[in-house]
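Heads up, the thing below is written out as structure tokens.
Laboratory data are not the source of any read-out in this text; all were calculated from the coordinates shown. The model shown is predicted, which means the values in this text are computed figures rather than measured ones. A quick note on method: Cβ atoms are made from the backbone with ideal geometry, for glycine too, and the neighbour counts reach across all protein chains shown.
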Amino acid sequence: THSLSSITDNSLIIAAHPDDELLWFAAILHKVDRVIIAFEDFWPDPNMGPARAKALTNYPRNNVSSLRLSEAATYGCADWNNPEVSQWGIELGRTCELRDAKQKALRLAGKSKAPKLGIRVRYQSNFDELTERLRPELSADMNVFTHNPWGEYGHEDHVQLHQVLIGLREEIGFNLWMSNYCTERALPLAKRYFNTVDNDFVELPVNRAFADEVAQVYREAGCWTWADDWQWFKSECYLPAPSNQSKMQSQGHLFPLNLFNIDPV
């Protein structure tokens, strides 16, 4: 049996982007020992990185740090109707090359500061850099919380960070917990983790007062990326992260999901 005190002992949230630690871990954000955020700069919007840095400086709790990596701008690049996990996170489609070609044309015209590296190459290099930067932060006795393997609403960076931590768990041996949020878009991948085993999850109430306080810091800094009318769920469930996808089961099930809708990409 797990409780708030047992799973937040020697604990760490590792989230992809600033405000992810709030959106998907609002039941434990006030309680964990540390928070690490992976990405800060976002080349399609040069104002995003400095705004995120400002929000993290004004954060209403201690021990929140950022690796300050640059996003590859992968959102919407995977085929979420037929998603395939890759060694770097999730397989990216032709959208990457189309975006790269557009940015190359804009860069030649002096209208874009997109990196020459390209989205696919940057995504792959981010996997390696995340692995190397996070390794020294982790130890076998820790409770680590991160994104689920379908990336909550289907975000390619979230899937990548989950895959990075699955690999580091195999190497180091810490407890790895995942969130229970999902959208219809991410369900094709989420269903691959259905099984017939009773999952040992813990359900905890969302700290709505603290969540509102953190969200306001992001709004004031100009980098709140979510809906202004977002309503917090009453509770969140956390489950030990599976190492692999399950075989499709006729009676397969998952732990309770916080299922929600967002606007299409």
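Values of log10 I(q)/I(0) for the chain across q = 0.12, 0.14, 0.15, 0.16 Å⁻¹ run -0.71, -0.99, -1.15, -1.32, by the Debye formula with one identical scatterer at each alpha carbon and no solvent. Counted by Cβ distance under 9 Å from residue 69, the other residues give a net charge of -2, where Lys and Arg count +1 and Asp and Glu count -1.
Note down the net charge around residue 8, summing +1 for each Lys or Arg and -1 for each Asp or Glu among other residues with Cβ under 9 Å from its Cβ. Net local charge, residue 8 excluded: -1. Listed peptides 64-74, 24-34 appear in the order 24-34, 64-74 once ranked by packing, highest mean of other Cβ atoms within 10 Å at the front. Compared with the direct C-alpha span, the chain from residue 245 to residue 58 gains 63.4 nm at full extension, assuming 0.36 nm per residue. The H on the amide N of residue 38, modeled in the peptide plane, is under 5 Å from the matching H of 15, 16, 17, 67, each at least 5 residues off or on a different chain. Between beta-carbons, use under 9 Å as the cut-off and find the net charge around residue 83, counting Lys and Arg +1, Asp and Glu -1. Summing Lys and Arg as +1 and Asp and Glu as -1 gives -2.
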